[in-house]
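Step one of this worksheet: look at the structure below.
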2 protein chains.
Amino acid sequence: MAARWRRVLFGKPLATRHSDHQRLPVYIGLPVFASDAISSVAYATEEVLLALTLGTGVAASVALQQVFPISAAIAVLLAIVVFSYRQTIFAYPNGGGSYIVAKDNLGATAGLTAGAALLIDYVLTVAVSIAAGVAAIVSAFPVLEPHRVGLCLGFILLLTLANLRGLKESGSVFMVPTYAFLIAIYALIAVGFYKYFSGSLGHLAPTADAHPVEAGAGGLTLFLLLRAFSSGCVAMTGTEAVSNGVPAFRAPERQNASTTLVLMAAILGSLFLGISFLAWQYGASPDHEHSETVISILASGIVGRNWLYYFLQVSTFLLLVVAANTAYADFPRLTMLLAQDRYLPRQLTHIGDRLVFSNGIVALALLAAGLVVAFGGITHHLIPLYSVGVFLSFTLSQAGMVRRWFRLQGNGWQRNALINGFGAIATGLVLLVVAYTKFTAGDPISLYPVTTPLGYWLIVTAVGFVLISMGHRRWGWWFLAMSAVGLLLWGLMVRSPLLGSAPVRMGAWVVIVIIPMLIWMFSRIHAHYAEVAEHLTMTRHSRIPGFKHTVLIPVSGVNRGIMPALAYARSIGGDVRAVYVEIDPVRTAELIDRWQRYEPDIPLVVLDSPYRSLTDPFLEYVDQVERERDDDVITVVIPEFVTEKWWTRALHGQSGLQLQLALMFKRGVVVTSIRYYLTRDLGEMPDHILTSKLPASEVGPS
Amino acid sequence: MAARWRRVLFGKPLATRHSDHQRLPVYIGLPVFASDAISSVAYATEEVLLALTLGTGVAASVALQQVFPISAAIAVLLAIVVFSYRQTIFAYPNGGGSYIVAKDNLGATAGLTAGAALLIDYVLTVAVSIAAGVAAIVSAFPVLEPHRVGLCLGFILLLTLANLRGLKESGSVFMVPTYAFLIAIYALIAVGFYKYFSGSLGHLAPTADAHPVEAGAGGLTLFLLLRAFSSGCVAMTGTEAVSNGVPAFRAPERQNASTTLVLMAAILGSLFLGISFLAWQYGASPDHEHSETVISILASGIVGRNWLYYFLQVSTFLLLVVAANTAYADFPRLTMLLAQDRYLPRQLTHIGDRLVFSNGIVALALLAAGLVVAFGGITHHLIPLYSVGVFLSFTLSQAGMVRRWFRLQGNGWQRNALINGFGAIATGLVLLVVAYTKFTAGDPISLYPVTTPLGYWLIVTAVGFVLISMGHRRWGWWFLAMSAVGLLLWGLMVRSPLLGSAPVRMGAWVVIVIIPMLIWMFSRIHAHYAEVAEHLTMTRHSRIPGFKHTVLIPVSGVNRGIMPALAYARSIGGDVRAVYVEIDPVRTAELIDRWQRYEPDIPLVVLDSPYRSLTDPFLEYVDQVERERDDDVITVVIPEFVTEKWWTRALHGQSGLQLQLALMFKRGVVVTSIRYYLTRDLGEMPDHILTSKLPASEVGPS
């Protein structure tokens, strides 16, 4: 039944030999690898404006004048980075992701740092792209506003299911949204410029209440400008995708990849500058309630809410979904590389029956969904976490290239090293700026219920119980005492907002904390696998020649259900004993009598159970046998009977299951469960000793 | 660790020999067995008034004049029932619950009907008592109003934990709240009557907005009066408790129990009449927002919000908690009786290590908590479900007694039969009245999310998937098509309240539907146990003399981890084969070579896996072996290795676990997992072949 579900949701399994790749020309490679980068124009301008105005006291009109220069600076940075990455394409024709370039040239730690940064990055790509896509839809259909988080989760779920089925990386899935968006947005910009030059663009009057200017309205500080610049840098996310994908291009691969990269930069730069210019001239400052995007304000102002507007919004949404989808390809590929190098659980290297890395896909979806829920599906709240990882991996990748040129010293290496060195320094500087200005730059976020008094109280109480159960009694009771005091305080001040919540300022610090934690986790996993490999290495003495058994069979009485287990135990051989745990002494004498009649060869051990537990006396007896018979393995053969229907299974077998669970944590004991099937259907079952085929018509002697 | 948790929460296990009962005198028996019945005065008067006014258009002043006559009628009914139950006490000195009396005298079906009614009854006792107790607290401390449901759940949790620990049935736990409440409530009534006779009671003027009288304000119909009478009958819930508990009394048991029953009736009747009289005279009509109880209105009017008021409210709350607790004793006892008679899963007969029926307690708590959540913790919403079960079990119990007198024809049987017959007819008539007037009498309830459009859509979609996965493809797709149409409709009418919900009118019909369903479930379970008993009966041919094995060991390579499994398989004997599933053909040749070197005696079978699954080819091979070797049992010995820390376990053993799960559903295959422990700590482990004690310093030939 589970298998049928899988087929319905994910389709038939695909054979390994179908895994060949289709090679892509530039016109398909562009949508496949550049959609992520290009899609960031949907929110980059807005982020610059929000960084300048939100909570700063800077007037929208002042901010609007800064948006174009800041965008121009980012475009220059983009050009530097793209030039730098062109060199990576030619140096790593098999794909030069930041993890590989940094690991190859700067060593394992740098590689893991880049890897950790990229993993965070991919999760944020999904969360931010989906949130921005939903924002485009909500701008067009404001009635959907209350369902923002639900829509985000729904689209993440759809993307995940599609990727578990195995989306082909090529073709119309990527091309249609990308080219539709390009047509729509260039059309918008063209109309905008026409109106600007013909003097009919107009200017949106800022409404006083929508953009409140505080009393002590400050001017623009250098910090604010740098912070706005950092926010705008999200436009550059996804730039490295082309250099990852070189082998996917049609021959000549490097040349085609390089062309795609330059094309992408030209499109991204022109769109970003165009939108920023129009936003400045038209006065399209963002809505602080996050209910309408700058693109939407601009489009409805320039062309009105006609079909072009809706076409633009829908294609923006689709492009952002496609952008999120690139992370669904990149994240599992990176976790597979890390798992191959034994830095992550090796399950992540398993290729599922649809030829995709299912575990990585599910992990990515869960993390992104968690972020979306925690941040209420608001793009702007997610942005402060985004750029640090991106620029960290840029810097490490470029620095790795510089090191490589110095090491190889090939033809023209000085020029190449200079280009990459310039790239590394530029992105490194931006990294510092981003980390500094975005350190706690996020808006206050309410992470309900973690930051409520009730949340704190639950955490303190839970920590207390966990400590006590782990044996740290003194600390545990101390925590429980604190929790009691907390409860008392709340009881005395009944009016305090038990369920209100305190805000937390997210920002780059979160990423700066998580990256070392990830690296530490990678290295722990690596050390563990190394140790296990050492344990498992074969030696001359590894082979075990054979051993004697002690076999114990827990029995509840004399009935047909235990017969197969007794027969199995006898067939294993060794010292076979049946064990009966006595709860009601009245039945014991009759049982021993019946036992003598039916199974005289197997000794029956009767155990006392003062606390009516079936499991504890049995476990004690196992310990006792283990002490008595030192060299043997103890096999516990548990008789179970299995009924035909699922609901009747719940009516039996609880004690057998309990015993199995208890023995699972006991070292050196082998557990074998002998299932005896009760069935009414004569035709279905083979003639088998593990099956009771018909109700007994003969009554036994009792 | 789990065991430590259990100890902290539930205390040490108690030995069977500590299970003796303490015998109770009348002054303790009264609080223990009568608290449930007495506690219903906390809400009975209020329910009469609400039934008359809520949504009927009857003015509060009109309703108030009816409350005393209705209460008097109920008091008469109470006297009849108590007289009738006195006879049960003398007839069933070992406890005459309705289930036993009905089963003994009217047959199994009547017994099961009474049993089903009582089970529903006990669940409602918990839900209603806790909700009413919280209402008393909320009346005194209105700031708690928004936490009504949370408080109910919290107290249910506390009661459950206390009962899992095993509350002693006797002593101060019951006495203090009961006698405190009696003192407080009689003091209130005394002050009230003093003020009434001295003419200083006053009369509360009904505020127009609190009790809106509709335009077409109807008069009192007979139906309304009967409905109010039905509502007031909740006062009689719990009356049968004393007759259940006869053996708990000190000798002479029957006489003491009878005295307790009459005392209880006198107290209950006098309190109910006293409160109803004062509510009528003072004009204490209930608050339609359910934010203050009638008792609270009365007490603050008569004595003011002083210490007596708070004492009354708190003791009312405590009494109601104690009343809920009686269901915690009765419900598990009844499920135990039903399980002993094989009408419920036999796990319900297990006595936990604290001498309580833990499974029954947990089941009761979950059901009551569900009701509280569904009905928003409002007493009034729960009442329509309550009385049907109570009067059904009254009627069956009394009818059973009549049958018994006719059968036994002992001394003065005609007189006894007349008394019980009169009781049966009276309660039977009331049962009809209750079922008729309360059929859909509940206020409209919003059962979010079941009754939302989204809820319907989810149910339709889920049914579709379930049908397809069960093989009913055509119906499944039909449901999925309906779900798609639903989604489309919602997409077109975006403004429809997707998350709004339609109200459902609860009422006696719910109970009338559930009782036959429960009886059907009882009989299915009974039939199943009978069939299994037949299967398991020993016959002369049941003993299985012994059989040959085929042993399969799935291996992933040649390493120390599989050596114990191979040795174990060899020691079992029979036809032993190792099985390797080939995913990457490159490694196979080397593996076969190494296999020849280390384990030449065991043949190695190599299986192809086109879809990269480890499990499927293995399962196919098992089928193939089963066809080849007809009479054997196939044992699959799975090598697993277990690492020291919990987090490292997640890094291994996934494929072994998957195989185990897949084989769990395969008939006639025995699965044995050989765990090989990797440990760094030399001292901790015995010298055991299932343990790798140190990293290998010697490197094997490879």
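The Cβ shell under 12 Å around residue A:566 holds other residues with a net charge of +2, Lys and Arg each +1, Asp and Glu each -1. If R0 is 25 Å, what FRET efficiency do you get for residue B:602 and residue B:628 from their C-beta distance, rounded to 0.05? After rounding, the FRET efficiency stands at 0.90.
Sequentially through the range A:662-676, phi angles give Karplus couplings (6.51, -1.76, 1.60; θ = phi - 60°) of 5, 6, 4, 9, 9, 6, x, 10, 9, 10, 10, 9, 9, 8, 10 Hz, Gly and Pro residues having no value and appearing as x. Amide H contacts under 5 Å for residue A:677: A:642, A:691, A:692, restricted to partners 5 or more places along the chain or on a different chain, H placed in the peptide plane at 1.01 Å from N.
Less than 5 angstrom separates the built amide H of residue A:606 from those of A:580, all sequence-distant by 5 or more or on a different chain.
Rounded, prolate or oblate: which fits the range B:527-611, taking a ≥ b ≥ c as square roots of the Cα gyration tensor eigenvalues, rounded meaning a/c under 1.5, else prolate when a/b beats b/c? It comes out prolate by the Cα gyration axes.
Each other residue within a Cβ distance under 15 Å of residue A:253 adds +1 if Lys or Arg and -1 if Asp or Glu, for a net charge of +4. In the context of the full protein assembly, residue A:584 retains an accessible surface of approximately 80 Å², using a probe radius of 1.4 Å and ignoring ligands and nucleic acids.
How shielded is B:525-536 by partner chains, expressed as the average number of their Cβ atoms within 10 Å of its Cβ atoms?
If you average over the peptide's residues, the count of other-chain Cβ atoms is 6.
Between the amide H of residue A:576 and those of A:551, distances stay under 5 Å, these residues lying 5 or more places away or on another chain, with hydrogens modeled in the peptide plane. Start at zero, step by 10 Å, and the Cα-Cα distances of the range A:389-444 spread as 26, 39, 22, 10, 4, 0 percent across the bins.
Distances between copies at residue B:470, taken between label points 7 Å from Cα along the C-beta direction, are 4.6 nm in increasing order.
Could you please report the charge total around residue B:108, scoring K, R as +1 and D, E as -1 over all other residues with beta-carbon less than 15 angstrom from its beta-carbon? Computed value for this residue: +2.
The 3J(HN,Hα) values that the Karplus relation (6.51, -1.76, 1.60; θ = phi - 60°) gives for the range B:317-333 are, in residue order, 4, 5, 4, 5, 5, 4, 4, 4, 5, 4, 5, 5, 8, 6, 4, x, 5 Hz. Gly and Pro appear as x. Taken residue by residue and averaged, Cβ atoms of other chains lying within 10 Å of the Cβ of A:461-471 number 2. Each peptide in B:230-242, A:282-294, A:658-670 was scored by the mean count of other Cβ atoms within 10 Å over its residues; highest first, the order is B:230-242, A:282-294, A:658-670.
Phi angles of the range A:426-433 translate, via the Karplus equation with coefficients 6.51, -1.76, 1.60 and θ = phi - 60°, into HN-Hα couplings of 4, 5, x, 4, 4, 4, 5, 4 Hz per residue; Gly and Pro are given as x. In the frame of its principal axes, the range B:77-132 has Cα extents of 35, 28, 21 Å, reported largest first. Position residue B:629: other-copy label points at 2.4 nm, ordered by increasing distance, label point 7 Å along Cα→C-beta.
With the cut-off at 1.5 for a/c, could you classify the range A:589-631 from its C-alpha gyration tensor as rounded, prolate or oblate? Oblate shape, in that a/c is at least 1.5 and b/c is the bigger or equal ratio.
Computed with the Debye formula from one identical point scatterer per Cα of the range B:217-352, without solvent, the log10 of I(q)/I(0) at q = 0.16, 0.18 Å⁻¹ comes to -1.08, -1.19. With label points defined 7 Å past Cα in the direction of Cβ, position residue B:55 shows copy-to-copy spacings of 4.8 nm, given to one decimal and shortest first. Apply the a/c threshold of 1.5 to the C-alpha gyration tensor of the range B:325-425 and tell me whether it is rounded, prolate or oblate. Oblate, because a/c is 1.5 or more while a/b does not exceed b/c. When peptides B:515-527, A:85-97 are sorted by average Cβ neighbour count within 10 Å, with the highest value leading, the order is A:85-97, B:515-527. Would you please give the FRET efficiency between residue A:418 and residue A:179, computed as 1/(1 + (r/R0)^6) with r the Cβ-Cβ distance and R0 = 41 Å, to the nearest 0.05? Efficiency, from the Cβ-Cβ distance: 0.65.
Per residue, the convex hull around the alpha carbon atoms of the range A:35-169 comes to 173 Å³. Label sites at residue B:305 and residue B:79, each approximated as a point 7 angstrom past Cα along Cα to Cβ, lie 4.1 nm apart. The packing ranking, built from the mean of other Cβ atoms within 10 Å per residue, places the peptides A:381-388, A:330-337 in the order A:381-388, A:330-337, highest first. Closest approach to the axis carrying A onto B, counted by Cβ on chain A and given in whole Å with its residue, is A:672, 2. Extending 7 Å from the Cα toward the beta-carbon at both residue B:141 and residue B:664 defines two label points whose distance is 4.5 nm. Averaged over peptide A:657-664, the number of partner chain Cβ atoms lying within 10 Å of each residue's Cβ comes to 1.
The values are calculated or read from the model by the stated rules, or taken from the named source; none is laboratory data. Keep in mind that this is a model prediction, so the values were computed, not measured. Every residue, glycine among them, receives a Cβ derived from its backbone with ideal geometry; neighbour counts consider all protein chains shown. Side chains included, ligands, DNA and RNA excluded: accessible areas come from the protein's heavy atoms. Shrake-Rupley method; radii C 1.70, N 1.55, O 1.52, S 1.80 Å.
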